[in-house]
Structure formats: structure tokens, C-alpha cells
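What follows draws every value from the coordinates through simple rules; no lab data is involved. Remember, it's a predicted structure, so these values are computed and weren't measured experimentally. Methodologically, a virtual Cβ is constructed for each residue, glycine included, from the backbone with ideal geometry; neighbour enumeration extends over all protein chains shown.
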Amino acid sequence: MQELETVDAETLLINPLGQVEYIIEDILPIVLHLFCGASKIGKSWLMLKLCLQVSKC
């Protein structure tokens with residue numbers, strides 16, 4: 001099993017992060033997202049629309 005690599009806060013502050021890559025330009029970067037909100041406000045429909053648009057690219 002591979003050992004988990006850890007980084008301290010000082011190292012994170014000193015080293016610049018790389019260029020952000022987007023799935024949907026200027027809207028959805030390639031990272032982990034939590035899509036949260038009240039029930040029945042259209043989260044599922046928005047995700048469906050985003051997935052359909054990404055699949056057309």
C-alpha cells in the first residue's frame with residue numbers, strides 16, 4: 001500500500017499552484033465539488049444540463 005504524502009501549511013503558502021483547468025470554461029474547474037442546496041430548487045436538472053453540455057464538446 002502506498003503511503004499518503006502530506007504537506008504542511010507553510011509549504012502550501014510558499015509554492016505557487018498550477019494553472020486551473022476547466023471542464024466548462026470559467027464555470028466548472030477540474031476539482032472536487034459539493035453541489036448542495038435546499039430540496040426542490042433544481043440541482044438535479046442543473047447537473048443534467050451541465051453533463052449534457054460537456055458530453056457535446
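General remarks:
- Residue exposure sequence - SER39, SER44 - by fewest surrounding Cβ within 10 Å: SER39, SER44
- The chymotrypsin sites (Phe, Trp or Tyr not before Pro) of the chain that meet both conditions, a loop assignment by DSSP and at most 13 other Cβ atoms within 10 Å of the site Cβ, are PHE35.
- GNM flexibility winner over the chain from ILE30, ILE14, ILE41 (Cα, springs under 10 Å): ILE14
- Selection from GLN53, GLN19, VAL31 lying farthest towards where the dipole of the chain points positive, charges on Cβ: GLN53
- Check: the chain dipole with +1 on Lys, Arg Cβ and -1 on Asp, Glu Cβ, in debye: 700 debye
- Put simply, the amide H of LEU28, placed in the peptide plane, has neighbours under 5 Å in ILE23, leaving out anything fewer than 5 places away on its chain.
- Trypsin sites (Lys or Arg not before Pro) within the stretch 17-53, DSSP loop, no more than 15 other Cβ atoms inside 10 Å: LYS40
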